[in-house]
Amino acid sequence: MKIYVPLDSAAKALGADEVAGAIAAEAAARGMDVQVIRNGTRGMIWLEPLVEVDQDGTRVGYGPVSVEDVPALLDGKLASLGPVEDIPFLAKQTRLTFARVGVIDPLDLADYEAHGGLAGLRRAIAMTGAEIVKEVTDSGLRGRGGAGFPTGIKWNTVLGAEADQKYIVCNADEGDSGTFADRMVMEGDPFCLIEGMAIAGLGVGATKGYVYLRSEYPDAIAVMEEAVRRARAAGVLGADVLGSGKGFDMEIRVGAGAYVCGEETSLLNSLEGKRGIVRAKPPLPALEGFLGKPTVVNNVLSLATVPVIFEKGAAHYAGFGLGRSKGTMPIQIAGNVKFGGLFETAFGMPLGTLVNEVAGGTASGRPVKAVQVGGPLGAYLHPDQFDTPFGYEEFDQAGGLIGHAGVVIFDDSADMLKMARFAMEFCAVESCGKCTPCRIGAVRGVETIDRIAEGDAGAIPLLTDLCETMKDGSLCALGGFTPFPVMSALTHFPDDFARQKEAAE
Amino acid sequence: MSLSQPAPSAEEIREIVASQLHLEGPLLPIFHALQDAFGCVPEGALPVIADALNITRAEVHGVMSFYHDFREVPAGRHVVKICRAEACQAVGADALAARTLEKLGTEWHGTTANGAVTIEPVYCLGLCACGPAAMVDNKVVGRVDDAKMAKLLAEAGA
Ligand SMILES: Cc1cc2nc3c(=O)[nH]c(=O)nc-3n(C[C@H](O)[C@H](O)[C@H](O)COP(=O)(O)O)c2cc1C
Ligand code: SF4
Ligand code: FES
């Protein structure tokens, strides 16, 4: 009998290791023939640890399972959730990037191949660099790290650059609160990221890759390092990628707890062993990146989407989505939420549908007050804006951004002045220090919000001015976008800024 | 990782530094390797690194001090990180952290009097759908409430 227990951090954080251990021990004590497979998570975090039992080829789910439930599970007496793939949260999704996550054993290369893995790389090997880049351009894929820049255009710049060495750098710094999709891929389908990076290498003529992986993710680091070793042993990486005659190899590098190192030029400095100060652009990293060489810097999800584009074709991928937001987005639903987790769907779903229908509203059962989309630099949206379709341009028009697609839900107990203050505080803590409006402005921002909290309504225009200065005078989005959460909190939830005044009088 | 550990020898430091020198951009890997071995980047390592990389000691220190992760002295025997970021705040992480600090009688980055536990803030552990989130050394914990926190701290000897 095959039993699946996720090794994903979120599942572990809810007791999956203990449950896996208990299943193995109980099965051994009973003399049962049980194979415990550690898969990735399906992304239904409220059901973790979600245990799946293979019953004649159908995976039946149980969850959340505790150690105490294990005897009943093996007796076949635990209430089941039915076939996992029929659970509405999963059944409603379109999984392209996440097709294998939660399904396969992440470190089993044969399992990976049996589920479509390496088909994309094999197809790419038969293509020229220019054809590879064109395929990515035609897919409409845009960078999933935040800025939404067309991936094909970036690759084309690197392809066209003349250099003795080029690099592929994967941005796995995933610092945004409310996001965990990169982590889920790296823990649940690491070969997919490796395959995507190899295709990128073949496409632009880069023979070396790095994954800059945040130190806050020790489990992802361990899985990725092992996956790289296995891929190298199997000839997926190395001097002769799958017998193509072309070389590509990669290393995992661990970050050191600086949020700003998710910004691509700061990341490159960090990778070179420098302070993670943001570089002015130009030069673009595509022309002068790591060690001054042409470098593709892409987010984990951008690179992990490349294999399916090559497996199924650019047109298939581009067939999903809305307007210029092509394909699917792995949306991460978090915070005070009933059904939190990963929901991959074509662009275009209205925010309110996601929050109320897919995610079931708040965990507390209280009304939704605000939703922050796009991490700590993203705006707080009001339920009045829930008809906004999930897309780059659509969110921009609504005064927000989708960023790395984290959706954080707050109930009516949230104090939006406090959230605005936190945004400024975070910017002050994480600023790289290069520009004054960010470094000093964020500290002033905290002080100004404290004055508002003490009842000084006259400080509100000061806060607005300060936000303008930060927007205009910051080199990168840390200083430049912190005004989004601050001003959206102030604009959409003015009572939280006024009520404080009354309380203080 | 205990505070009473003897100071690392120059030989040990040189070996660790040398083991990373083949890498492109070896400085962060060197810091990590030293910290894994000694619980901090020992003062005595800075001139060794400066020498090996042909940069000044001030530059080495400048890089090290930029990053939240690297320590000049070892932490307590266990490090408990509590997530302070937005998604965890949405489920009460602030109050949990405040109560924890109060109970331990420390501030953020502080260590309990018996040297057992250092408390650090962290901005997201990728456990945002099962917050409040924490990490004890490298072990992740989700949906942390007062009871779970008390158990974690007791296990860590706080
Ligand atoms: C302060 C800051 C933090 C960022 N953090 C990340 C991050 O953690 N991961 C990421 O992929 N991109 C992050 N970005 C965006 C990167 O600068 C860059 O746009 C991205 O890595 C490009 O890859 P993509 O085109 O595949 O999105 C950040 C940007 C800023 C300004
Ligand atoms: S805006 Fe802030 S983080 Fe960005 S470059 Fe300027 S000082 Fe550094
Ligand atoms: S916000 Fe706490 S784990 Fe992500």
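Taking the stated definitions as given, is B:Ala98 at pLDDT 95 or above and closer than 30 Å to A:Met419 by Cβ? If you could, list the steps in order and put the result at the bottom.
On the way: at pLDDT 95 or above: yes; closer than 30 Å to A:Met419 by Cβ: yes.
When the stated conditions are applied, B:Ala98 passes them.
What single numbered condition from (1) in contact with a Leu (Cβ under 9 Å, 6 or more places away or on another chain); (2) within 11 Å of chain B (Cβ to nearest Cβ); (3) assigned to a helix (DSSP H, G or I) fails to hold for A:Ile23?
(2)
Consider segment A:264-283. How many of its residues are open to solvent by less than 40 Å² (accessible area, probe 1.4 Å) and either under 17 Å from the mean Cα position of the chain (by Cα) or over 14 Å from B:His32 (Cα atoms) (or both)?
To start, the set of residues in segment A:264-283 that are open to solvent by less than 40 Å² (accessible area, probe 1.4 Å) comprises A:265-273, A:276, A:278.
Those still in the list that are either under 17 Å from the mean Cα position of the chain (by Cα) or over 14 Å from B:His32 (Cα atoms) (or both) too: A:265-269, A:272, A:276, A:278.
Residues meeting the conditions: 8.
Filter segment A:284-294 down to residues that are surrounded by fewer than 19 Cβ atoms within 10 Å (Cβ to Cβ) and part of a helix (DSSP H, G or I), then give me how many there are.
Here the count works out to 2.
Restricting attention to segment A:404-442, which residues are of a type in the set (A, V, I, L, M, F, W, C), within 11 Å of chain B (Cβ to nearest Cβ) and either within 17 Å of A:Ser488 (Cα to Cα) or open to solvent by 30 Å² or more (accessible area, probe 1.4 Å) (or both)?
A:Val407, A:Val408, A:Ile409, A:Phe410, A:Ala414, A:Met419, A:Phe422, A:Ala423, A:Phe426, A:Val429
Quick check on segment A:350-361. Is at least one of its residues among the β-branched types (Val, Ile, Thr) and surrounded by 24 or more Cβ atoms within 10 Å (Cβ to Cβ)? Show your work before the answer.
Applying the first criterion (among the β-branched types (Val, Ile, Thr)) to segment A:350-361 yields A:353, A:355, A:358.
Right, trim to surrounded by 24 or more Cβ atoms within 10 Å (Cβ to Cβ) and you get none.
Checked against the condition, which is being among the β-branched types (Val, Ile, Thr) and surrounded by 24 or more Cβ atoms within 10 Å (Cβ to Cβ), segment A:350-361 yields no hits at all.
Regarding segment A:456-471, can at least one residue be identified that is touching a residue at least 24 places away in the same chain (Cβ under 8 Å), surrounded by 18 or more Cβ atoms within 10 Å (Cβ to Cβ) and within 16 Å of ligand 1 (Cβ to nearest atom)?
So far as segment A:456-471 goes, yes, one or more of its residues are touching a residue at least 24 places away in the same chain (Cβ under 8 Å), surrounded by 18 or more Cβ atoms within 10 Å (Cβ to Cβ) and within 16 Å of ligand 1 (Cβ to nearest atom).
Scan segment A:307-327 and tell me whether some residue there is open to solvent by less than 10 Å² (accessible area, probe 1.4 Å) and within 14 Å of chain B (Cβ to nearest Cβ).
Scanning segment A:307-327, I find no residue that is open to solvent by less than 10 Å² (accessible area, probe 1.4 Å) and within 14 Å of chain B (Cβ to nearest Cβ), so the answer is no.
In segment A:269-286, is there at least one residue being polar (S, T, N, Q) and touching a helix residue (DSSP H, G or I) at 6+ places or on another chain (Cβ under 7 Å)?
Checked segment A:269-286: at least one residue is polar (S, T, N, Q) and touching a helix residue (DSSP H, G or I) at 6+ places or on another chain (Cβ under 7 Å).
Between a residue in segment A:253-277 that is within 7 Å of chain B (Cβ to nearest Cβ) and farther than 14 Å from A:Tyr210 by Cα and any residue that is of a type in the set (Lys, Arg) and not in a helix (DSSP H, G or I), which pairs come within a Cβ distance under 8 Å, given they are 6 or more apart or on different chains?
Filtered contacts from segment A:253-277: A:Gly257/A:Arg214.
Considering only residues that are on the phi > 0 side of the Ramachandran plot and open to solvent by less than 20 Å² (accessible area, probe 1.4 Å), look in segment B:98-143 and name the one that is farthest from the other protein chains (Cβ to nearest Cβ).
Filtering segment B:98-143 down to residues on the phi > 0 side of the Ramachandran plot leaves B:105, B:109, B:115, B:124, B:126, B:137, B:143.
When the remaining residues are screened for being open to solvent by less than 20 Å² (accessible area, probe 1.4 Å), the result is B:115, B:124, B:126.
Details: B:Gly115: 22, B:Cys124: 5, B:Gly126: 4 Å.
Ranking the candidates gives B:Gly115 first.
If A:Val241 meets every condition in (1) open to solvent by less than 10 Å² (accessible area, probe 1.4 Å); (2) within 14 Å of another protein chain (Cβ to nearest Cβ); (3) not charged (D, E, K, R) apart from one, which number is that one?
(2)
Of everything in segment A:316-364, what is aromatic (Phe, Trp, Tyr) and not in a strand (DSSP E or B)? Give them in sequence order.
Selection gives A:Tyr317, A:Phe320, A:Phe339, A:Phe347.
The values are calculated or read from the model by the stated rules, or taken from the named source; none is laboratory data. Everything numeric here is computed off the predicted structure, so don't read it as measured data. Every residue, glycine as well, gets a Cβ built from its backbone with ideal geometry; the counts of neighbours run over all protein chains shown. When the accessible area is computed, the model is the full protein with side chains, heavy atoms only, and any ligands, DNA or RNA have been set aside. Shrake-Rupley method; radii C 1.70, N 1.55, O 1.52, S 1.80 Å.
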